[in-house]
Amino acid sequence: MVSESETPLPASSPVDADAATPADSTEPAAVEQPAATEQPGTAEQPVPPEPSDTAEQPVPPEPSDTAEQPVPPEPSDTAEQPVASEPDAGSAAAEGPTSAPDTPAPPETDRAAPVPTAPKPAARGPRPTAPTPAALAAKKPSAALLPVAPPVTEYDPEQITAAAAFGTVTEDGTVTVQDGTQVRTIGSTTESDRDAALEPFARGYLDLVAFLDLTQTTLNAPEHTQNELNRLLENLRKNMKEPQVVGDIPALRARANELRELAKAKIRDLEAKRAEGREEAIGRRTEFVESIEALVATDPEQISWKNAGETMRQMVPTWKQMQTEDVSLDRPTEEALWKRLSTARATFDRMRKQFFSQLDAKHAEAAEVKEQLILRAESMQESTDWGPTVRAYKDLMDEWRHAPRGRRKKDDAQWKRFKAAQDTFFQARNADLHETEAEQRENLAAKETLLSEAESIDPAQDLEKAKQALRSVQDRWEEAGKVPRGDMRRIDDRLRTVERSVKNAEQDEWRRTDPRTKARVEGASSQLHSAIASYQHALDRAVAGGDPAKIAEAEAALEARKEWLAVIERSARDLG
């Protein structure tokens, strides 16, 4: 019996078409025995099913619980009758006894296929019972490993003859086949004619050839899955394990081996492509993991926490999407990459918590520093001591610029308070300046009049009168008051010029009338007169001696003393 999980061979009738049991018979696997008066070698007709059993439709058996239903044998000559099943039929059809064995089906994995033998007259066996509805519901149909080849009703007689040439039939009805170097028994028959006895086995061989053709066609398809190729290899293994057929079995096995190697090569190609795709997927996953690790390794002060937080929130969905849409990885590699991701996420969470904890502390410190600056600014906003207060506010502004930054909302609120205190003070100061501006313009006009008076003083004519006039201007200058800031330096410079001219005249007069200076001038003049007389006497001696060098030296010394004397005499005249 063939399991539904296996691919059955295309079935060929072991007897003439008119003697075959119908495939759609409603009799579930019951085997009827022929009457004792039938002659061996003639086509035997199956017993028609009883009316009570025609409505029973058994479910195709599962591979695990498939069992053959043998006919209870007679003590002497009753042989076991195999039951054949169609893979797509809803019920099992009962075959009648034949003069030759059925076409060999793929062997069961847990026991060898039954050897078909010629039936002998026997009593009717027990009829199997129909399955219950619960059993029908529990059955799950299994898909065929490969598409079933369409049944071949007729083969070329020459092909049948060529296949039958590999088989023999002994006198006792034993059918053997030449399988390479060995002769293997594959069944028995009651047919006396050799060709008729070997024809079912030859058809079975041609069925296997058709199966290999179908396998070849399947392998020639452009695309396969590894599961399909594994199923195909399993079919080849089952169908080519000691086939109970007559034909060139070594050639059949050689072709099956070629197909098996071709399927294995395709499996290796698929595995190579899958390995390549897995390596590329590992590269993509690793690149993703490294990008997360690079983000975590960034300096916390330089991280955009909003964008980084969104990236970390999308980390798990992105990873799951890669698991779903990309090539699957081996478990150790995927677990190692996920462990790195998990570690990076834990590090990021810890780093973010620590960063914002420190940031909160810095913000609190910044708020306290600025609060103290605000209190100092507010304490001076009513001051009317304009100059010192302006300098104090300038110092406060420098401290504010160097203070640590806090939260933007808190910083903005504190800045508004600080600036409000400044504005209060400077608005009051500006109002006061506007009030004094007219007065300062009047003071400016008065000082310009005083400057005109001061600039008319001439200390060269009468120094004492000039000094008295300057003191009078200076006294009235202080009483005139402040002038606009833009004119202050200009008028002060003009007054300083007059003061310097008077002071220089006074110093010149003091030097001229100083007694010590006169005494020094007179002493120097006396000394120079004596020196000139001495150098004149030396010159006379040199001229008398007629020495040109001494004459030139004496003349140079004499002229120098005369020039010094002229300078001293001028200074004496200047001193009076």
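Every test in (1) modelled with pLDDT of 90 or more; (2) over 23 Å from Thr168 (Cα atoms) is passed by His224 save one, and that test is (1). Applying the condition of being modelled with pLDDT under 90 and of a type in the set (Val, Ile, Thr) to segment 187-217 and asking which residue is farthest from Leu233 (Cα to Cα) yields Thr190.
The set of residues in segment 219-258 being hydrophobic (A, V, I, L, M, F, W, C) and over 53 Å from the mean Cα position of the chain (by Cα) consists of Val245, Val246, Ile249, Ala251, Leu252. Counted as qualifying within segment 247-333 are the helices (runs of 4 or more DSSP H) with 1 or more residues that are of a type outside the set (Asp, Glu) and more than 30 Å from Leu359 (Cα to Cα), namely 249-297, 315-325.
With respect to Ile292, is the statement that it is out of contact with any Asp or Glu (no Cβ under 9 Å at 6 or more places or on another chain), under 17 Å from Arg340 (Cα atoms), outside the structural domain of Thr225 (by the TED database) and of a type outside the set (D, E, K, R) true? Criteria met by Ile292. When restricted to residues that are more than 17 Å from Ala294 (Cα to Cα) and under 20 Å from the mean Cα position of the chain (by Cα), segment 337-376 contains 0. Residues that are in contact with a helix residue (DSSP H, G or I) (Cβ under 6 Å, 6 or more places away or on another chain) and part of a helix (DSSP H, G or I) within segment 168-198 comprise just one, Leu198. Restricting attention to segment 498-529 and to residues that are loosely packed, with under 12 Cβ neighbours inside 10 Å and modelled with pLDDT of 80 or more, the residue that is farthest from the chain's Cα centre (by Cα) turns out to be Asn504.
Of everything in segment 368-399 that is small (Gly, Ala, Ser) and in a helix (DSSP H, G or I), the residue that is surrounded by the most Cβ atoms within 10 Å (Cβ to Cβ) is Ala377.
For segment 259-301, the set of residues classified as over 37 Å from the mean Cα position of the chain (by Cα) and either within 16 Å of Thr318 (Cβ to Cβ) or surrounded by 13 or more Cβ atoms within 10 Å (Cβ to Cβ) (or both) consists of Leu259, Arg260, Leu262, Ala263, listed by residue number.
Among the residues of segment 214-244, which ones are within 30 Å of Val183 (Cβ to Cβ) and either among the aliphatic types (A, V, I, L, M) or open to solvent by 70 Å² or more (accessible area, probe 1.4 Å) (or both)? Passing the criteria: Leu214, Leu233, Leu236, Arg237, Met240, Lys241, Glu242.
The values are calculated or read from the model by the stated rules, or taken from the named source; none is laboratory data. Note that the structure is a prediction, hence the values are computed from the model and not measured. Positions of Cβ are generated from backbone atoms using ideal geometry, with glycine treated the same way; all protein chains shown enter the neighbour counts. We work out accessible area using only protein heavy atoms, side chains counted, and drop any ligands, DNA or RNA first. Shrake-Rupley method; radii C 1.70, N 1.55, O 1.52, S 1.80 Å.
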